[in-house]
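The values are calculated or read from the model by the stated rules, or taken from the named source; none is laboratory data. Remember, predicted model here, so these are calculated numbers, not experimental data. Here Cβ is always computed from backbone atoms with ideal geometry, including for glycine, and neighbour counts include all displayed protein chains.
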Amino acid sequence: MTAFLTPRTDPRHAVLFDPVKIGPVTAPNRFYQVPHCTGVADRAPTDVAAMREMKALGGWGVVCTENIEISADAEISPYPALRFGADSDIPRQARMADLVHRHGALAGAELAHMGLYAANRTSRAVSVGPSSRLLIEAVEPVQARAMDLSDIRALRRDHRAAALRAKAAGFDIVYVYASHNLSVASHFLARRFNDRGDIYGGCLENRARLLRELLEDTKDAVGDTCAVALRFAVEEFLGADGLTHDGEGRDVVEMLADLPDLWDVNLSDWSNDSQTSRFASEGYQEEFIRFVKQVTGKPVVGVGRFTSPDTMASQIRRGVLDLIGAARPSIADPFLPLKVADGRSEDIRECIGCNICLSCENSFVPIRCTQNPTMMEEGRNLWHPELMPARRTEDAVLIIGGGPAGLEAALSLGRRGHVVTLADAREVLGGRVTLEASLPGLSAWGRVRDYRLGQLAKLTSVSLYLASRMTAEDVLGFGASRVVIATGAQWRNVPMGRDGGRVAVTGPVLTPDDVMGGARPKGRVVVHDSEGGYIGSLMAEALALGGAEVVFATPALTHAAFLALTLEQVRVLRRLTALGVRLVAGHDLAGWDGAEVRLASVLGGGDMNMGADHLVLVADRVPDDALATALLAEPEALALAGITSVDRIGDCLAPGLIAHAVYAGHRLARGF
Ligand code: ADP
Ligand code: SF4
């Protein structure tokens, strides 16, 4: 059993450690990991269970699953999910509940029938929903059929059976899911999907009938020992076409007020619920969900990328929430609650709101986290998010480069007990993180640097040197036995995108490094993005905000394709449109002479020439590997200097996401 309150707990945060009664069960504190996906689910149940256990060990009072399919007739392949469609599924899910219980936490199971979202690509069952509609989010032109009354009875039977399996597996909280536009119960609620003429269609009471029945069935089946939670989106941002927090969303809460044992409330769809720091700050859901506690006597949990215990305690004191829900903050720091209990809030590894974790879920791979390199490695590699094994050698380490790769390597090697020296050419540490955090909306990304610098300040064995550009000669003469090169990369200033094409460019070219270094060209600026990540859109935004007349062009058929995975693409393009940025897709760069940019349509037909004062090229990055190359070319000099290894990590090896650089630094340190 985890101990929570300690003599060191800040009295202002003590309220976060009150137990909360939820129906027949009691959460040991107010830290609640709401259901979140893992990218693998039942494809790697052992890894998933180990990750959830780590959260319970880190003090989360409630730890929930991701969505659990209740029947093979509503499956969401290729998206991974857990399953409770058969009794044989019980042992697999029981493992997670057992591991969570070991540390005194409650385990929650999110049962879901995904209705119009379940394309049944594997089972080949015909999809179902309240009415015949195109499947949601599916690219294939396939429709669901309208459920008849016997289908509804079958759905209720399946849900009830799954609830009984959740109870048998040892779960304490069983969910009914009506959120994110992803569940059949929410599809029945929505006028836009439900044009039924029977008792399940028409007025709100009829559209809410299935949801009420699922809640009643679940309470009847398992409510004696399990709490029944309702995960419900109070606001869909669709006006009269959807639920609103001051319209039908509120009406549903009033209708069902005390039926569930717990309200888990949020915003729909997923892109509204999981907003990035580029668009929303901590606590962003409050204005929409705060009414819920005034309507129900049951406890309420909500989310809002909470990382500050002051904000969390304020939510409780002001009567907004009873339980502090978190998905991403619990991914970035599984030990957040224990750090608060221990009076060490400054040690929290705060989520930066980048949604790289979501991009993994959307690519069906295990979730990765920019801040927490151990995410989903807890079981597979036995990586603990807070503990490093003691060093096995006496090696003194010299790290060159203080970006995310170098800082993470320094921190993790320092924690292992190595004597570490880190040198960076610049006056400030953080490398690309410091540069990128200066772009519009990305200031929270600076937490990648700040967390590591804060932790490094506590290690006496690590020394940091600024304004120290290192040459091969400096390295050879330094006296370290192991050298780590983390010198990063620079944006390329000649056109070379994913297709590798080169074109005649005779005019001056600006790169993202110039803009992040403070350049704000005025007049007519073309930003040409053949990378397709997040930087191109940030260039367009920063320059438009700086007063330039911006054209944002890409050879791809859609701008910033990667941002579809982080759920930001639509928001970003809306923001650019509002700033007056002209969007040109499907056009590759064909030439630039300092006065005119030539764009060639990738679809054939007419090319586009436009007068421009500046061209900002977002192509790829060139690894800054000169130092590593020089050192590795001199094996004898290395041996003479007593250097036994030279490792390259992060962007100087292969430019990638900040998450890749952090992981590279961490993995290197583990392997020492
Ligand atoms: P990564 O993402 O791999 O950590 P970054 O580009 O963020 O890479 O950071 C690389 C850092 O390395 C930058 O802060 C840069 O100033 C520093 N650097 C590059 N070359 C040298 C060098 N020769 N000596 C010291 N620091 C260097
Ligand atoms: Fe937060 Fe980014 Fe980590 Fe996701 S990947 S938990 S958004 S820091």
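Numbers at a glance
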| item | result |
| --- | --- |
| In region 513-541, the residues that are in a helix (DSSP H, G or I) and under 21 Å from Met610 (Cα atoms) | Gly536, Ser537, Met539, Ala540, Glu541 |
| Count of region 1-12 residues which are out of contact with any Asp or Glu (no Cβ under 8 Å at 6 or more places or on another chain) and either in contact (Cβ under 8 Å) with a residue 60 or more places away in the chain or part of a loop (DSSP other than H, G, I, E, B) (or both) | 7 |
| Test: residue in region 448-459 that is in a loop (DSSP other than H, G, I, E, B), within 14 Å of ligand 1 (Cβ to nearest atom) and touching a strand residue (DSSP E or B) at 6+ places or on another chain (Cβ under 9 Å) | no |
| Top-ranked residue in region 548-588 [being in contact (Cβ under 8 Å) with a residue 12 or more places away in the chain, among the charged types (D, E, K, R) and under 30 Å from Arg328 (Cα atoms); ranked as surrounded by the most Cβ atoms within 10 Å (Cβ to Cβ)] | Glu568 |
| Any chance Ala229 is out of contact with any Ser or Thr (no Cβ under 7 Å at 6 or more places or on another chain), outside the structural domain of Ala444 (by TED's automatic domain parsing) and away from ligand 2 (no atom under 16 Å from the Cβ) | yes |
| Which numbered condition Asp151 misses (of (1) over 15 Å from Ile68 (Cα atoms); (2) surrounded by 17 or more Cβ atoms within 10 Å (Cβ to Cβ)) | (2) |
| Residue within region 332-344 that is in contact (Cβ under 8 Å) with a residue 24 or more places away in the chain, outside the structural domain of Leu106 (by TED's automatic domain parsing) and within 16 Å of ligand 2 (Cβ to nearest atom) present | no |
| Selection status of Gly580, in contact with a helix residue (DSSP H, G or I) (Cβ under 9 Å, 6 or more places away or on another chain), part of a loop (DSSP other than H, G, I, E, B) and either among the basic types (Lys, Arg) or not assigned by TED's automatic domain parsing to the domain that holds Cys37 (or both) | yes |
| Hits in region 225-240 (condition: within 19 Å of Pro35 (Cα to Cα) and either touching a Cys at 6+ places or on another chain (Cβ under 7 Å) or among the hydrophobic types (A, V, I, L, M, F, W, C) (or both)) | Cys226, Ala227, Val228, Ala229, Leu230, Phe232, Ala233, Val234 |
| Qualifying positions in region 557-577 - hydrophobic (A, V, I, L, M, F, W, C), part of a loop (DSSP other than H, G, I, E, B) and either assigned by TED's automatic domain parsing to the domain that holds Cys357 or under 17 Å from Ser359 (Cβ atoms) (or both) | Ala560, Ala561, Leu567 |
| Residue that is nearest to ligand 2 (Cβ to nearest atom), among those in region 656-671 that are surrounded by fewer than 21 Cβ atoms within 10 Å (Cβ to Cβ) and in contact (Cβ under 8 Å) with a residue 60 or more places away in the chain | Leu657 |
| Residue list for region 59-93, restricted to those being surrounded by 23 or more Cβ atoms within 10 Å (Cβ to Cβ), of a type in the set (Val, Ile, Thr) and in a loop (DSSP other than H, G, I, E, B) | Ile70 |
| Residue pairs meeting the criteria (Cβ under 7 Å; at least 6 apart or on separate chains; first in contact (Cβ under 8 Å) with a residue 40 or more places away in the chain, in region 201-218; second surrounded by 23 or more Cβ atoms within 10 Å (Cβ to Cβ) and among the hydroxyl-bearing types (Ser, Thr, Tyr)) | none |
| Residues of region 371-416 that turn out to be in contact with a Pro (Cβ under 8 Å, 6 or more places away or on another chain), within 16 Å of ligand 1 (Cβ to nearest atom) and not assigned by TED's automatic domain parsing to the domain that holds Thr460, as a count | 0 |
| Failed criterion for Asp593 (all others in (1) touching a residue at least 24 places away in the same chain (Cβ under 8 Å); (2) touching a Leu at 6+ places or on another chain (Cβ under 9 Å) hold) | (2) |
| Check on Arg368, of a type in the set (Lys, Arg), surrounded by fewer than 24 Cβ atoms within 10 Å (Cβ to Cβ), near ligand 2 (Cβ under 8 Å from one of its atoms) and not assigned by TED's automatic domain parsing to the domain that holds Val62 | yes |
| Count - residues of region 281-299 that are surrounded by fewer than 20 Cβ atoms within 10 Å (Cβ to Cβ) and within 16 Å of ligand 2 (Cβ to nearest atom) | 4 |
| Asp251 being surrounded by fewer than 18 Cβ atoms within 10 Å (Cβ to Cβ), without any contact (Cβ under 8 Å) to a residue 60 or more places away in the chain and either of a type in the set (Val, Ile, Thr) or assigned to a helix (DSSP H, G or I) (or both) | yes |
| In region 254-280, residue surrounded by the fewest Cβ atoms within 10 Å (Cβ to Cβ) [restricted to those that are in contact (Cβ under 8 Å) with a residue 60 or more places away in the chain and more than 28 Å from the chain's Cα centre (by Cα)] | Asp261 |
| Leu464 vs. criteria closer than 23 Å to Leu657 by Cβ and either crowded, with 16+ Cβ neighbours inside 10 Å or more than 16 Å from ligand 2 (Cβ to nearest atom) (or both) | no |
| Subset of region 279-294 [under 17 Å from Phe237 (Cβ atoms) and touching an Asp or Glu at 6+ places or on another chain (Cβ under 9 Å)] | Phe279, Gln285, Phe288, Ile289, Phe291 |
| Selection within region 331-345 - under 18 Å from Asp18 (Cα atoms) and of a type in the set (A, V, I, L, M, F, W, C) | Phe335, Leu336, Leu338, Val340, Ala341 |
| So Gly532, is it closer than 19 Å to Ser277 by Cβ and modelled with pLDDT of 95 or more | no |
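Here's the yes/no breakdown for (1) away from ligand 2 (no atom under 16 Å from the Cβ); (2) within 30 Å of Pro7 (Cβ to Cβ):
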position	(1), (2)
Arg328	no, no
Cys357	no, no
Pro385	no, yes
Met388	yes, yes
Ala396	yes, no
Ile400	yes, no
Gly403	yes, no
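So that you can scan it fast, the table gives a plain yes or no per residue for (1) crowded, with 23+ Cβ neighbours inside 10 Å; (2) within 15 Å of Leu456 (Cβ to Cβ); (3) more than 16 Å from ligand 2 (Cβ to nearest atom):
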position	(1), (2), (3)
Thr393	no, no, yes
Gly414	yes, yes, yes
Leu422	yes, yes, yes
Val433	yes, yes, no
